[in-house]
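Have a look at this one before I ask anything.
The values are calculated or read from the model by the stated rules, or taken from the named source; none is laboratory data. Since this is a predicted model, take the numbers as computed values, not measurements. For neighbour counting, all protein chains shown are included, and Cβ atoms are generated from backbone atoms with ideal geometry for every residue, glycine included.
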Amino acid sequence: MDYPDLEYYDKKYNQKEEIRKHLKKLTFYNLYQKIDVDFNENIVSEECDICNEKLNSIANAQDELIKLCREVCNFILNNDFKHYCGGTSCESSCFNVKFRLYDRVMEINQNPDNINSFFDALQIISNLPDARLKLCKITNINLNKSDFTHFKYLYEFLSTFIDIRSKISEGHSSDDKLYCKHIKEFFRFFNSRSKNCTNRYTCKYYNILDTIKTKLKTSDHLNFIYENCKYVKTECPEDTNINIDIPCLKDNEDILKTPKANPDVKNGLNILFTAAIPVISISTIFYIFYKFTPLGFWLRSKVRRKKNIPSPINEEKYHPSYDTNFKITDPDRRIYNIEYQ
């Protein structure tokens, strides 16, 4: 199976391949790739015949399992583990190597006896004087297929979350959205497992569930997700209440409904504003001319006298003979020229 395994995603979700391509770029999965490449090196060594001796005797022996055993044998004999780690990261890198190997084994064979025989062979090889992989002993994780699968999803998220967070920006780009959707799908999975794993003594992945919950709650990680992924808390499937620890997530509808400015309207307003500037400027000039010049004073006087015409007379109904203060200078003209006596 290709990694990362995203089978826990909602079946309706159709962007798994896009997300998988992005997740493969993370440091954690880069190590997976390096391990797989080194496992596949074809180096013939007599010491690796131990794999055939141990696995040929098991029921339903599989060539693929023997082949993997020989590949890991070469890995143990020819690789100094310092090649995979630096400083304090060696411990986690060692577990990642064992974890990746166990995942490969479970893809081939889930029979506990066969798996025990597989790791017994590798244990013998690890103790050989020629073995270079001294700092990281290959051991059996001892989980059944179901428990291991759940543990794997939890462990991989825990190992990659900080790297994922560093790749999410405030810009909410298409890449950001893919990382955010991965977090959203994982939170849903996390809650589905939490409901079925309530006892540390009976549930094999109880401790890692608790570690993830503590890590996310005791920092600003949740707030970062809400703000940068544009998510809000919601009920998980088949639940009636929101989980107060690690909630399920949904898109923030208030943000999604915020209308975006129509570029055509915006351009129209800009054109209107630009066209209005000279009109406003001309109006300002006329106002100054009207208010503060001798000619403007004369015009204002004319307007004030015109306003003395008795109401409700308007300009259309007004006839000069109604007012003795006015006279007609040219009675033959249709348009009257009125002036003060």
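Look through the stretch 107-152, keep the residues that are free of Cβ contacts under 8 Å to residues at least 60 places away in the same chain and among the basic types (K, R), and return whichever of them is nearest to Y206 (Cα to Cα).
So the residue we want is K145.
Could you check how many residues of the stretch 34-51 are modelled with pLDDT of 90 or more and surrounded by fewer than 19 Cβ atoms within 10 Å (Cβ to Cβ)? Steps first, answer last, please.
Step one: of the stretch 34-51, the residues modelled with pLDDT of 90 or more are 48-51.
Now drop any that are not surrounded by fewer than 19 Cβ atoms within 10 Å (Cβ to Cβ), which leaves 49.
Total satisfying the criteria: 1.
Here is a follow-up. Please list, ordered by first then second residue, the pairs with beta carbon atoms under 6 Å, 6 or more apart or interchain, first in the stretch 163-183 and under 18 Å from V232 (Cβ atoms), second not in a helix (DSSP H, G or I).
Every condition considered, the pairs that remain are D176/I168; D176/S169; Y179/K167; Y179/I168.
Residues of the stretch 198-215 being surrounded by 15 or more Cβ atoms within 10 Å (Cβ to Cβ) and either free of Cβ contacts under 8 Å to residues at least 40 places away in the same chain or of a type in the set (V, I, T) (or both), which ones?
C203, Y206, I208, I212, K213
Out of S92, S57, report the one residue that is closer than 30 Å to F186 by Cβ, at pLDDT below 90 and surrounded by fewer than 19 Cβ atoms within 10 Å (Cβ to Cβ). Outline the logic, then answer.
Details: S57 fails: closer than 30 Å to F186 by Cβ.
None of the other options fit; the residue is S92.
Next question, about the same structure. If a residue has to be part of a loop (DSSP other than H, G, I, E, B) and among the basic types (K, R) to count, how many in the stretch 160-169 make the cut?
The total comes to 1.
Just to be sure, is E91 touching a residue at least 60 places away in the same chain (Cβ under 8 Å) and within 35 Å of the chain's Cα centre (by Cα)?
Against the criterion (touching a residue at least 60 places away in the same chain (Cβ under 8 Å) and within 35 Å of the chain's Cα centre (by Cα)), E91 does not qualify.
Conditions: (1) buried (at least 16 other Cβ atoms within 10 Å of the Cβ); (2) at pLDDT below 90; (3) in a helix (DSSP H, G or I); (4) of a type in the set (A, V, I, L, M). V105 meets all but one. Number of the miss?
(2)
Could you check the stretch 175-192 and list, in sequence order, the residues that are under 12 Å from L249 (Cβ atoms) and of a type in the set (A, V, I, L, M)?
I183
To continue, here is another question. Kindly provide the set of residues from the stretch 108-147 that are of a type in the set (G, A, S) and either crowded, with 18+ Cβ neighbours inside 10 Å or more than 29 Å from F186 (Cβ to Cβ) (or both), ordered by number.
S117, A121, S126, A131
Here is a follow-up. Looking at the structure I just gave you, is E53 of a type in the set (D, E, K, R) and farther than 23 Å from C94 by Cβ?
yes
Something else: So, K16, is that one at pLDDT 90 or above and farther than 23 Å from D130 by Cβ or not?
Judged against the criteria, K16 is a match.
Kindly indicate the residue of the stretch 60-89 that is among the hydrophobic types (A, V, I, L, M, F, W, C) and not in a helix (DSSP H, G or I) and also modelled with the lowest pLDDT among those meeting that condition.
Kept after step one, since they are among the hydrophobic types (A, V, I, L, M, F, W, C), are these residues of the stretch 60-89: 61, 65-66, 68-69, 72-73, 75-77, 81, 85.
Then keep just the ones that are not in a helix (DSSP H, G or I); that gives 61, 85.
Details: A61: 59, C85: 67.
Filtering first and then ranking leaves A61.
Within the stretch 229-249, identify whether any single residue is surrounded by 12 or more Cβ atoms within 10 Å (Cβ to Cβ), under 16 Å from the mean Cα position of the chain (by Cα) and part of a helix (DSSP H, G or I), and answer yes or no.
So far as the stretch 229-249 goes, yes, one or more of its residues are surrounded by 12 or more Cβ atoms within 10 Å (Cβ to Cβ), under 16 Å from the mean Cα position of the chain (by Cα) and part of a helix (DSSP H, G or I).
Quick grid of which residues meet (1) hydrophobic (A, V, I, L, M, F, W, C); (2) modelled with pLDDT of 95 or more; (3) buried (at least 20 other Cβ atoms within 10 Å of the Cβ); (4) not in a helix (DSSP H, G or I):
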{"site": "T149", "(1), (2), (3), (4)": "no, yes, no, no"}
{"site": "Y153", "(1), (2), (3), (4)": "no, yes, yes, no"}
{"site": "L158", "(1), (2), (3), (4)": "yes, yes, no, no"}
{"site": "G171", "(1), (2), (3), (4)": "no, no, no, yes"}
{"site": "Y179", "(1), (2), (3), (4)": "no, yes, yes, no"}
{"site": "H182", "(1), (2), (3), (4)": "no, yes, yes, no"}
{"site": "F190", "(1), (2), (3), (4)": "yes, yes, yes, no"}
{"site": "N196", "(1), (2), (3), (4)": "no, no, no, yes"}
